[in-house]
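The values are calculated or read from the model by the stated rules, or taken from the named source; none is laboratory data. Keep in mind it's a predicted model, so treat the numbers as computed, not measured. Cβ atoms come from the backbone with ideal geometry, glycine included; neighbour counts cover every protein chain shown. Remember, those area values only see protein heavy atoms, side chains included, never the ligands or the DNA or RNA. Shrake-Rupley method; radii C 1.70, N 1.55, O 1.52, S 1.80 Å.
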Amino acid sequence: MLKKLGISLILILIPTQVNAETAIDCLAKNIYFEAKSESFVGQTAVALVVLNRVKDKRYPDSVCAVVYEGPTYESWKTRKIPELSENERVYYPRRDRCQFSWYCDGKGDEPRADSPLWKDTQELAKYVLLRQDELPDITDGALNYHADYIDAPRWAGRKHKTAKIDTHIFYRPHVLRM
């Protein structure tokens, strides 16, 4: 009986740990590719925007779904095989149409595993996810941001500017709907 109970507990805990590790990886990649050259505060602000989106009903409800949100197209290799299941099909993001530009810019999306910056962003992602209910939102509810060295996107004029941290300008809707 105890052995069965132990196996049941392991089966209950594993998906949570896998989901947590996946969320950490997704959030760390977003921090890394969007803000690796920013300060700790700037990187935290980028992470908080992802978490704000997860809480907002207009966005997907998981960290990875938020980070990888955007239109996709199916690979020509799997598209020509009608008997493949949906899980076996391969999809790619449409170039320059994603929520976060690094994901669909045509460049590689895997940081060097031995990079100190990558290790630091992984630790920050873990910290932010573990303490998200305790951290003050230094972005004041921001759901969007852009770098200050580019022209403001069209959507920026319809949003309320909340903060400028390092090279990012943060925005939230005029009316928050969480």
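Key figures for this structure:
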read-out: Any chance residue 126 is open to solvent by 40 Å² or more (accessible area, probe 1.4 Å), within 18 Å of residue 27 (Cα to Cα) and in contact with a helix residue (DSSP H, G or I) (Cβ under 8 Å, 6 or more places away or on another chain); value: yes
read-out: Residue check for residue 149: under 14 Å from the mean Cα position of the chain (by Cα) and not charged (D, E, K, R); value: no
read-out: Residue satisfying all of: in the range 54-75; over 9 Å from the mean Cα position of the chain (by Cα) and touching a residue at least 24 places away in the same chain (Cβ under 8 Å); farthest from residue 136 (Cα to Cα) among these; value: 71
read-out: Test set (1) surrounded by 13 or more Cβ atoms within 10 Å (Cβ to Cβ); (2) part of a loop (DSSP other than H, G, I, E, B) - residue 150 fails condition number; value: (1)
read-out: Residue list for the range 94-123, filter: in a helix (DSSP H, G or I) and either under 21 Å from residue 59 (Cβ atoms) or open to solvent by 60 Å² or more (accessible area, probe 1.4 Å) (or both); value: 101, 102, 103, 104, 116, 117, 119, 120, 123
read-out: Scope the range 104-123; condition out of contact with any helix residue (DSSP H, G or I) (no Cβ under 7 Å at 6 or more places or on another chain) and touching a residue at least 12 places away in the same chain (Cβ under 8 Å); matching residues; value: 104
read-out: Restricting the range 76-93 to residues that are within 23 Å of the chain's Cα centre (by Cα) and open to solvent by less than 100 Å² (accessible area, probe 1.4 Å), the residue that is farthest from residue 24 (Cα to Cα); value: 89
read-out: Test result for residue 73, part of a strand (DSSP E or B), closer than 18 Å to residue 28 by Cα and of a type in the set (Phe, Trp, Tyr); value: no
read-out: The range 76-93 - residue that is of a type in the set (Ser, Thr, Tyr) and not in a helix (DSSP H, G or I) and, of those, farthest from residue 36 (Cα to Cα); value: 85
